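The values are calculated or read from the model by the stated rules, or taken from the named source; none is laboratory data. If you're wondering where the values come from, they're calculated on a predicted model, not measured in any experiment. Here Cβ is always computed from backbone atoms with ideal geometry, including for glycine, and neighbour counts include all displayed protein chains. Remember, those area values only see protein heavy atoms, side chains included, never the ligands or the DNA or RNA. Shrake-Rupley method; radii C 1.70, N 1.55, O 1.52, S 1.80 Å.
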Amino acid sequence: FYPAKACKTLTHSSVNHYHKFLSSMFRTAVKQGVLLENPCARADAPSAGDEEPAYLNEHDAVKLVEALEDAPMKYRVMIFLLLDTGMRRGELLGLEWKDINFEACTITVRRNSVYLPQQGVITQTPKTRKSIRTIKVPQDCIDMLRKYRTYQLQERLQLGDQWQEHDRLFTTWNGSPLHPSSVTGWFSKFARDAGLPDGITIHSLRHTNATLLIAAGVNVRTVSARLGHAQTSTTLDIYSHAIQSADAAASEAIGSVVHRKQTKRRKA
């Protein structure tokens, strides 16, 4: 064996994924009598809450929105949608126009668009059963989608029979499904040019959405449902930092009301 080249440390999330994958394999081996025990049972995987997810604070979120004014319309709409909904990248790219209810101001997540080697861009079911969900969005988001739909129809008319009909919101130049990595690559360069903090990725917009909701006082069960987490405990683990900050703010707020009279008396 030769030592591997130095590389970046895996995130706690990646370690957890590998731990679950290997544990599943060894558990099957034990069941079939190939092994006597599962070696992964002796390894402690890191808790999801041990690693704080990268997200934008309110100041940097404003900087992002201002920088989007000069971005291509397709990518501008993508980023706003991710901020408004907290969707995963694959869920965003899997959206079709029939998933948008313009009257009710809702977006329904029904599919996940991913890339697999030798298969290309394919459509899968969402990550978990609860990932299939309907998300309420602001009227401004719906108005933006109306304009984007008009823009896409104009592009489609110009291409004529070259356009591939997939009903997707976000496509390549000819209407075919967009490669997920192209979105990641575009956003990485955009974030760097906009002067956003290091470590901010396209997935950070999902964390930003959740963190801003919690800071605004939205209960964790609602945040969990909007994110499509299988369990509320997942949300509690990932966003413990935001929950603690919100709890501290709540403590100060209740203190300013309950103990206001006592403070006035001491001053007197």
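Accessible area per residue was computed with a 1.4 Å probe on protein heavy atoms; Leu83 scores about 30 Å².
Provide the gained length on full extension for the span Leu157 to Gln231, in nm with one decimal, where the gain is 0.36 nm per separating residue minus the Cα-Cα distance. Before the final figure, lay out each step's value.
Details: separation 74, 0.36 × 74 = 26.64 nm, distance 4.43 nm.
Extra length available between Leu157 and Gln231 comes to 22.2 nm.
For a Förster distance of 45 Å, can you work out the FRET efficiency between the beta-carbons of Val218 and Glu165, rounded to the nearest 0.05?
Details: r = 38 Å, r/R0 = 0.84.
E between Val218 and Glu165, to the nearest 0.05, is 0.75.
On full extension, the segment bounded by Ser188 and Lys31 gains 52.1 nm, given 0.36 nm per residue less the C-alpha separation. Accessible surface for the stretch 138-228, divided over its residues, is 53 Å² per residue with a 1.4 Å probe. Here the scattering of the stretch 183-243 is modelled by Debye summation over its C-alpha atoms, one equal scatterer each and no solvent; at q = 0.12, 0.24 Å⁻¹ the log10 of I(q)/I(0) is -0.35, -0.91.
The residue list Thr125, Ala67, Thr108 was ranked by how far each Cα lies along the charge dipole of the stretch 15-127 toward its positive end, using unit charges on Cβ atoms, and Thr125 comes out on top. Computed over the Cα atoms of the stretch 153-211, the ratio of the radius of gyration to the Kirkwood radius (Rg/Rh) comes to 1.13.
On a 1.4 Å probe surface of the protein chains, which of Lys31, Lys189, Lys127 comes out largest in accessible area, and what is the full order? Present the calculation step by step, with values, prior to reporting the outcome.
On the way: Lys31 175, Lys189 110, Lys127 140 Å².
Most to least solvent-accessible, the answer reads Lys31, Lys127, Lys189.
With every protein chain in place and a 1.4 angstrom probe, the accessible-area ranking of His59, His19, largest first, reads His59, His19. Length available on full extension from Ser240 to Trp97: 0.36 nm per residue minus the Cα-Cα distance, which gives 48.0 nm. By the Kirkwood approach, averaging reciprocal distances over each pair of separate Cα atoms, the stretch 74-175 gets a hydrodynamic radius of 14.3 Å. Ranked by solvent-accessible area (1.4 Å probe, protein heavy atoms only, all chains present), the residues Phe80, Phe102, Phe187, Phe21 order from largest to smallest as Phe21, Phe80, Phe102, Phe187.
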